Amino acid sequence: MIIAEAKPISEILEMVKDFSKILVVGCKGCVTVCNVGGAKEVAILASSIRIGMRKKGKEVEVGEITLERQCDPEYIEELRDIIKDYDAVVSIACGVGPQFIAERYPDIMVFPGVNTKFMGGAIEHGVWAERCAGCGQCVIHYYGTMCPIARCSKSLMNGPCGGSNHGKCEVSPEIDCIWDKIVRKMMAQGRLEELLKIRPPKSWLTARDGGPRKMVREELAK
Amino acid sequence: MQDFRPKIIAFYCSNCASSAAKIANKMNLYLPEEVKLINVPCTGRIEILHLLKAFENGADGVCVFGCQEDSCQYINGILKLKKRVEHVKKMLEEMGIEPDRIEVFSLYAGKGQDFVDIAKEMVNKINQLGPIF
């Protein structure tokens, strides 16, 4: 899923300080699962805006709604009859959500209420870790099903580097050296030889190096 | 400001804090009128939203009475709540509100006097801070 974290309430209060009718829009997708942008967090942010603005001496009307998803136009369309009653929107979906709302409703100010961090998963309750860099050409099966692009600090395809120290990365003792894990797993699976195989350089055209990406599936597209 | 009478919402759990409250009652010790009680099964049930809603709806201060950290019937309810209160303190600070307006206290079940004394201290503190808005 896409992992995000809440922006500081002080930053959001600064964003909306000139508005009197604010709609907080959540998303039932990834950000609900990572406890940052679902219905509960919509209620928390709406309450915080009311309290924070009242503290600044201004009463504001804050609406609350949580959409099925903010990354599909049909759900964004559900805002059409509601959004006209507000003069600003704070979306607490990932970075996709506020852009989709702003594209659909170009006359209203739309603010991001979260900082989108990475693609990853929960390794324990309240702790998330990055697993995918979205490079567009997955090769994790060459590396013990661990992604060296997302999980190596240098995104090395032929690690480990000299900074690997007792299974930890030189960048931080909090970071596992993924190449240490890759080598150990390949050894455990009796596949270490596979790491010696010469592979062509990875093409980054499918990653961000090819510019903003778009995917068309002809069998689905109109 | 002289006429200010703070509104304080006090959440208390059904276990240690509740026992302390009953003992206080038997000792004829009473909470200040400024403190309104809300009973919860366990302080771990109290969400960040519940704490914020108290402020949003006019509380000048919020306090939570729970168990000792090692005697929560639900294992770690009070520890969860303490983390949430710390989070709310940070949020209040970002809003320009004194974080001392919210506190959490671990009570012993038999300490009825503590229950009332802490509530009185909280009233005094909020009195000094003045109205929240």
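Express the relative contact order of chain A as a whole percentage, based on alpha carbon pairs under 8 Å and six or more residues apart in sequence. Spell out each step's value before the answer.
On the way: 341 pairs, mean separation 37.9, N = 222.
That works out to 17 percent.
So what is the relative contact order of the range A:133-199, in percent, for Cα pairs below 8 Å that sit 6 or more residues apart?
Dividing the mean separation by the residue count of the range A:133-199 yields 28 percent.
Grab the DSSP H runs of chain A that are 4 residues or longer, score each as -39,500 (n - 2.57), total them, divide by all residues and round the 222 nm result to the nearest 500 deg cm²/dmol.
One gets -7000 deg cm²/dmol as the mean residue ellipticity at 222 nm.
Using alpha carbon centroids, what distance separates the range A:30-97 and the range B:68-104, in Å?
25 Å
What helices in chain B pass both tests, a Cα length along the helix axis of 24 Å or more and a mean Kyte hydropathy of -0.5 or higher, using whole DSSP H runs?
B:112-129
GNM, chain A, Cα, under 10 Å: largest mean-square fluctuation among A:Gly163, A:Gly120, A:Gly210?
Residue with maximal mean-square fluctuation among A:Gly163, A:Gly120, A:Gly210: A:Gly210.
Check A:Glu64: other-chain or 5+ apart residues with amide H under 5 Å from its amide H, H built from backbone geometry?
A:Val24
Using a 10 angstrom cutoff on alpha carbons, build the Gaussian network for chain A and name the most mobile of A:Val96, A:Val33, A:Val171.
It is A:Val171.
Sorted by average packing, counted as other Cβ atoms within 10 angstrom per residue and highest first, what order do A:123-132, A:212-221 take?
The packing order, highest mean first, is A:123-132, A:212-221.
Just need log10 I(q)/I(0) for the range B:8-129 at q = 0.13, 0.14 Å⁻¹, Debye formula, equal scatterers on the alpha-carbon atoms, no solvent, rounded to two decimals.
-0.46, -0.53
Any idea what the dipole of the protein assembly as shown comes to, in debye rounded to 20, about its Cα centre with Lys/Arg Cβ at +1 and Asp/Glu Cβ at -1?
Here the protein assembly as shown has a charge dipole of around 800 debye.
Write down the Å³ per residue value for the convex hull defined by the alpha carbon atoms of chain A.
Value for chain A: 167 Å³ per residue.
Using a simple charge model, +1 on the beta-carbon of Lys and Arg, -1 on the beta-carbon of Asp and Glu, nothing else, what dipole does the range B:8-129 show about its Cα centre, in debye to the nearest 20?
Working: 15 positive and 16 negative charges, 83 e Å.
Magnitude of the dipole: close to 400 debye.
At R0 = 35 Å, how high is the FRET efficiency between A:Ser10 and A:Ala188 if r is their beta carbon distance? Nearest 0.05 is fine. Mind dumping the intermediate values first?
Values: r = 49 Å, r/R0 = 1.39.
Approximately 0.10, to the nearest 0.05.
At 7 Å along Cα-to-Cβ for each site, give me the label-to-label distance between A:Glu77 and A:Asn115 in nm.
About 3.6 nm separates the two model spin labels.
How much of the pair distance distribution for the range A:2-118 lies past 22 Å, counting alpha-carbon pairs only, in percent?
Percentage above 22 Å: 23.
Which value, in Å to one decimal place, does the Kirkwood hydrodynamic radius take for the range A:133-199 when every pair of different Cα atoms is included?
The Cα-based Kirkwood calculation yields 12.1 Å.
Starting from the Cα-Cα distance between A:Ala133 and A:Thr206, subtract it from 0.36 nm times their residue separation and give me the gain in nm to one decimal.
Fully extending the segment from A:Ala133 to A:Thr206 adds 25.1 nm.
We did not get these values from a lab; they are worked out from the coordinates using the rules stated. Keep in mind that what you see is a predicted model, and the values were worked out from it rather than measured. Here Cβ is always computed from backbone atoms with ideal geometry, including for glycine, and neighbour counts include all displayed protein chains.
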